[in-house]
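The values are calculated or read from the model by the stated rules, or taken from the named source; none is laboratory data. These figures come from a predicted structure and were not determined experimentally. Cβ sites come from the backbone with ideal geometry, for glycine too, and all protein chains shown count toward neighbours. Side chains included, ligands, DNA and RNA excluded: accessible areas come from the protein's heavy atoms. Shrake-Rupley method; radii C 1.70, N 1.55, O 1.52, S 1.80 Å.
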Amino acid sequence: MNAIVSSSSAGRASAMLEKSIAELADVVRQCAHPLSGSASDYDPLMDLVGNARFVLIGEATHGTHEFYEQRAEITKRLIQEKGFAAVAVEADWPDAYRVNRFVQGMSEDATSNEALGNFHRFPTWMWRNTDVLNFVNWLHQYNAALPPERTKVGFYGLDLYSLYSSIEAVLKYLDQIDPEAGQRARSRYACFEHFEEDSQSYGYATSSGMAESCEGGAVDQLLELQRQASEYTRRDGPLAEDEFFYAEQNARLIKNAEEYYRSMFRGRVSSWNLRDRHMAETLDHLSAHLEKQQQPAKIVVWAHNSHLGDARATDMGEAGEWNVGQLVRERYGEDAVLVGFSTYTGTVTAATDWDGPAELKQVRPALPNSYEALFHETGLPRFWLNLRQDNLAIAQLRKPRLERAIGVIYRPHSERLSHYFHTQLPSQFDAIIHIDDTRAVEPLDRDEPVEDNEVPDTYPSAL
């Protein structure tokens, strides 16, 4: 008898839950902005952006075509209609700067494919894919058509994994402009040579006391470079300032990357916070540099949802982690607009293991108690929500739910543990774009895995 009662109670509870989800999905449907492919789809989003200086546009995976495509379309409108002057992405500074030279017409690269050539380390498909190629082509053509007096739109990297290529870039700059200073820099950076360009080995050896850290030399080199700023930049005007800024940021990256690789062996929270602090600081320095040419500088940021949604609304924040979205909001307030993406099912380009080959993977339907599953229940194939609005849908979305995050690694068999976390969506983002059924990005290369020992703090999910 008790078993029958328990079964009956469970059935009623399940029916009530389904009814409540259906009711909430109906409320969300009424507040949603459907995406039909029309040029006016994002007009209300442009109104939401208003005069904001920073628009942070995320992605729920590192390998979904629609996220890259829609993000690029929104960015084009921000550049054309709102005067945004730069795109800053979750990529290494020197690799992205090669693209920057190309889109600004200062490169020896003949094509966008060549300009993306520095993205040769795992995961190559993250930036070497057809959607990025198309956007870089567009940006190159857009800049080329601008009048001579107009400032060209730039393309920059925010990340810090490029320890050794940044060392090479600083040395190359100093060898050209001040050979004696180049020799001093070479002496300071020689400390890193003992680890054969293996940043992870450097971090392990120094954090465990097996080797002295190179922190002092990295800090000293940055300070010397900054002391010479006026001398190095007075020669050729704006071009000299750009080249100095590129070198200075590489020197700053070396200092921060040195600390980051030591922190990897102290725990995830420490290394995550160092990485996102570096990305937020790079954004600040980029903004200050661009403001010398344009007042005020407006920048679009491309990175994973986990970096750009406010960490204070998530499990991450409860664990002591912060991220770029939180730091930008704290500094710039409503001058920053945070936009996230989600999907219910489809395919994704991802790897099974770090340094593994790019694979076309099936994305499992989202878990029942997730935002993605709720959005699926609306029956709308594509839509976006203004999460700043004060209405019944947004109020009910404040109840914490699961949200999915797929990085460069996707492991469906451990999906709940590896790829979900709890969040309050309206506090995490200002707008969310949901595309129910998505497909994988198309990599430019179908190559074998590249050996790379710079394993990130986000392994195995690798966000």
Scoring only Lys, Arg, Asp and Glu (+1, +1, -1, -1) among other residues with Cβ under 11 Å from the Cβ of ALA115 yields -1
Just to be sure I follow the definition: excluding the sites themselves, where is the longest run in the chain that has none of the GluC sites (Glu not before Pro) in a DSSP loop with at most 11 other Cβ atoms within 10 Å? 213-450
Between ARG364 and ASN134, what's the calculated FRET efficiency when r is the beta-carbon distance and R0 is 22 Å? Round to 0.05. 0.15
Whole-number accessible area per residue in Å² for the chain, which is evaluated in the context of all protein chains at 1.4 Å: 41
Taking the chain, the whole-percent share of alpha-carbon pairs separated by over 38 angstrom is 25
Over the chain, what is the mean sequence separation of C-alpha contacts under 8 Å (at least six apart), divided by residue count, expressed as relative contact order in percent? 26
Give me the net charge for the shell around LYS292: Cβ to Cβ below 13 angstrom, other residues only, Lys and Arg +1, Asp and Glu -1. -3
May I ask for the angle, rounded to the nearest 10°, between helix 238-263 and the longest principal axis of the chain, with both axes built from Cα atoms and the value confined to 0 to 90°? 60
Using a basic spin-label model with each label point 7 Å from the Cα along Cα→Cβ, how many nm lie between ASN51 and THR352? 5.5
Does anyone have the angle between helix 163-177 and the longest principal axis of the chain? Alpha-carbon axes, 0 to 90°, nearest 10? 30
In whole Hz and in residue order, list the ³J(HN,Hα) couplings for the range 326-338 that follow from phi through the Karplus curve 6.51 cos²θ - 1.76 cosθ + 1.60, θ = phi - 60°; x for Gly and Pro. 5, 5, 5, 4, 5, 7, 10, x, 6, 6, 10, 10, 10
Counting only DSSP beta bridges with both partners in the chain, the antiparallel fraction in percent, to the nearest 5, comes to 45
Difference of contour (0.36 nm per residue) and Cα-Cα distance, GLU334 to ARG446: 36.1 nm
Computed P(r) (all Cα pairs; the range 353-450; 5 Å bins; percent): 2, 11, 19, 21, 17, 12, 9, 5, 2, 1, 0
Given a cut-off of 30 Å, name the pairs among LYS255/LYS361; LYS172/LYS292; LYS255/LYS399 whose C-alpha atoms lie farther apart than that in the structure shown. LYS255/LYS361; LYS255/LYS399
Which lysines, if any, have their Cα less than 20 Å from the Cα of LYS298, not counting same-chain residues under 8 positions apart? LYS76, LYS82, LYS152
Give the value in nm², to one decimal: projected area of the alpha carbon convex hull of the range 281-325, averaged over all directions. 3.5
Carbon plus sulfur fraction of accessible area for the chain, probe 1.4 Å, in percent: 49
Taking the chain and counting helices only, DSSP H stretches of n ≥ 4 at -39,500 (n - 2.57) each over all residues, the nearest-500 ellipticity at 222 nm comes to -15000 deg cm²/dmol
Using amide H atoms built in the peptide plane, which far-off residues or other-chain residues are under 5 Å from ILE409 H to H? ALA351
Say R0 is 56 Å: what FRET efficiency, to the nearest 0.05, do ARG29 and GLU215 get from their beta-carbon distance? 0.55
Nearest 10, in degrees from 0 to 90: the angle of helix 215-227 to the longest Cα principal axis of the chain is 70
Need the C-alpha centroid separation for the range 203-229 versus the range 248-303, integer Å. 17
How much solvent-accessible surface does MET210 expose, in Å² to the nearest 10, with a 1.4 Å probe and all protein chains in place? 140
